[in-house]
Each structure stands twice: as C-alpha cells, then as structure tokens.
Amino acid sequence: MDPAWTTTVMLVPCVVVLTAGLFYVYGLIVGLLTKTSVRNKVVVITDALSALGKECSDVFHKGGARLILCGKSWEKLEELADDLANASDPTVTFPPKLVLVDFGDMDSMPEVIEEILDCYGCLDVLILNSSMKVKAPAQSLSLEMDKLLMDNNYFGPVTLAKGVLPSMISRRTGHLLLVNSIQGKLAVPFRSTYAASKHAVQAFFDCLRAEVEEYGISVSTINHTFISRAASEHAEAPSSKSVWSLLYTEKPLGVSPVEAAAELVKTLSNKKKEVLIAPSLPKMAVYARSFFPNVFFAVMAAGVKSADASENM
C-alpha cells in the first residue's frame, strides 16, 4: 500500500477526534461563561420566540438565570417555558416568568415596563433582540409601514430601555445589550426604512453608553448580517447576482443562533462595548463606507442597475 495513502487514512480519524475535542472544550468554556455571567441574575429577552431568543433562553435558563421571557404569543411563550422546564434540572434553575410584549403597540409599553419590573423588583440584563424587516423600494412604502418599523426597531426598544434605566441607576448596576443589524453601520438598497431604524437605534445606544457609564451600567451592541434559520425554513436564493446582494447571501454569511448566543454570552461576560459578527466581505463594506464613501456608493448604485437588468431579462 502506498505510504502516503496509509498516512492519510491514519490522519483522518485523528483530525475528527481533534475537531470533536475542540468543540467539546468550546462548549465547556461557553457553559462556564454562562454560569458566571448570568447565574441568579434577572435577564429579560424581548423576543424569546425568535430563533436567537429560544437559543438564549435555553442557554441562560440552564446557566441559572432568572428569566423574563417576552413575546407576542402567550401560548408560544408557555410552550417555550414548558420546553425549558422539561430539559433542565429544576433544583438548579428558576421557572421563567412570561410577559406579553408587542413593540407595534406603543400604548401598551407603560404596562409592559411595570409588569417586567414587578416580576423580581429589578433586573440585571436587558437583551433587546426583537426586530421587524421589510424589503421594498423606498417610494413604495407607506407612512404607516415606516411608522410600524420605527416602533418595532427603534421606539419600542428605546422606550423599554428608558423605562428600566431608573431601576438600574438606583442599584448602580445593569447591562443593556442591543442585538442590532449590520445595517446599523451601513445601508443597502431596498431596505431604506429598515436601515434607518437600525441606524437610529444604534445611535441611541451609542449615546446612552457614555451617559450611564458613571452609574456602573454597561451598554453593548452586537451587529450581525442576519440570524440563519433552520434548513427547512431557508428562503430561496436571490435571483439577482448584484454585488451588494452578496452581502446577504444566506448560507456563507449568516450567523447561526448557536454562534450568536455564544457571542452574546461572551459579551455579557467581558462587557465589550461593540461586536461585529460578519465575514470578511461585509466587514470590508463597513470600512469602505467610512473611508471610501464614493466607491461604496458607486458599487451600491451599480448593484441596483444590475438587479434591474436581471429582472427585465
């Protein structure tokens, strides 16, 4: 037998074992970080029913956090709470508390804030991970849709954060964590209102970070391309092959809920102020927007023309 072939055959199991070992150690580290960063702490997740929300709920629940799970459907929240209870040791975990939250209904926010604070009398961590998306030419979006997106992506999270801040300030501790889109840093065509809402909420929390630092309150923002869905839920690949569409191609550039939750745990632990979860191409686009704006704008415009040409073929 060829010696090279023999070496290759012997190396494959070693690589598999080594890879499995690295994943095991990584899991242990994440688990340890979770226990030290959220054990016994009151953690609010604004959209616990999303893919990322469910993953964070599972990780934090097993880590011993006192969870307050928020969402628009009471039945689905109860199902999630039951799933968490069935998959954990009740002697080392706390049963989650549930609160209905709909940022599209801003009139309900005073009652929502009061209910959240009444759950434990205080809170340590507020994770703002809810979001509403829309993709369309700017001129086709109605004012009602613009307002709905701003309520869900800006006014809702900001109102909730401002509502719980007095409690954090009085205790001189707390962590506000905004899970935001990379479009809080740059904007691409056909996402005008969505990008505007993400820019706005990014700016608010950047300002807030400096304002509350003297009270011992941390403010972190995590910007990602998007959270990948399950394989069965993947949308069809975009038909256009424009340059800017490559920034949001699902498979190579998406972030899995597990990866995003792990990054979120690390951010809570090290209190890093800003995190960008993205492959090289989207990161380059962010830097190009800052240092070479004319080039960036030209590429975006060329992408729109390319998309229009593909649709008219």
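The values are calculated or read from the model by the stated rules, or taken from the named source; none is laboratory data. What you see is a predicted model, and the numbers here were worked out from it, not measured in a lab. Ideal geometry is used to build each Cβ from the backbone, glycine not excepted, and the neighbour counts take in all protein chains shown.
Would a scan of region 67-77 turn up a residue that is in a loop (DSSP other than H, G, I, E, B), touching a residue at least 12 places away in the same chain (Cβ under 8 Å) and either crowded, with 23+ Cβ neighbours inside 10 Å or of a type in the set (A, V, I, L, M, F, W, C) (or both)? No, that holds for no residue.
Out of Ile113, Ile127, which single residue is touching a helix residue (DSSP H, G or I) at 6+ places or on another chain (Cβ under 9 Å), β-branched (Val, Ile, Thr), within 21 Å of Lys62 (Cα to Cα) and buried (at least 16 other Cβ atoms within 10 Å of the Cβ)?
On the way: Ile113 fails: within 21 Å of Lys62 (Cα to Cα).
Only one candidate qualifies: Ile127.
Summed over region 135-183, the residues that are more than 24 Å from Ile227 (Cβ to Cβ), of a type in the set (A, V, I, L, M) and surrounded by fewer than 17 Cβ atoms within 10 Å (Cβ to Cβ) give a count of 3. Pairs are defined by a Cβ separation below 6 Å, a sequence spacing of at least 6 or placement on different chains, a first member in region 99-120 that is closer than 21 Å to Arg171 by Cβ, and a second member that is assigned to a loop (DSSP other than H, G, I, E, B) and aliphatic (A, V, I, L, M); the pairs so defined are Val112/Val101. Per the listing Val265, Val219, the residue uniquely at pLDDT 90 or above, crowded, with 16+ Cβ neighbours inside 10 Å and part of a helix (DSSP H, G or I) is Val265. Only a single criterion out of (1) within 20 Å of Val201 (Cβ to Cβ); (2) within 20 Å of the chain's Cα centre (by Cα); (3) among the aliphatic types (A, V, I, L, M); (4) in a helix (DSSP H, G or I) is not satisfied by Ile113, namely (2).
Taken over region 160-194, residues that are outside any helix (DSSP H, G or I) and under 20 Å from the mean Cα position of the chain (by Cα) amount to 13.
Only one of these is over 18 Å from Phe103 (Cβ atoms), charged (D, E, K, R) and modelled with pLDDT under 95: Lys185, Lys133. Name it. Selected residue: Lys185, the only one of Lys185, Lys133 that is over 18 Å from Phe103 (Cβ atoms), charged (D, E, K, R) and modelled with pLDDT under 95.
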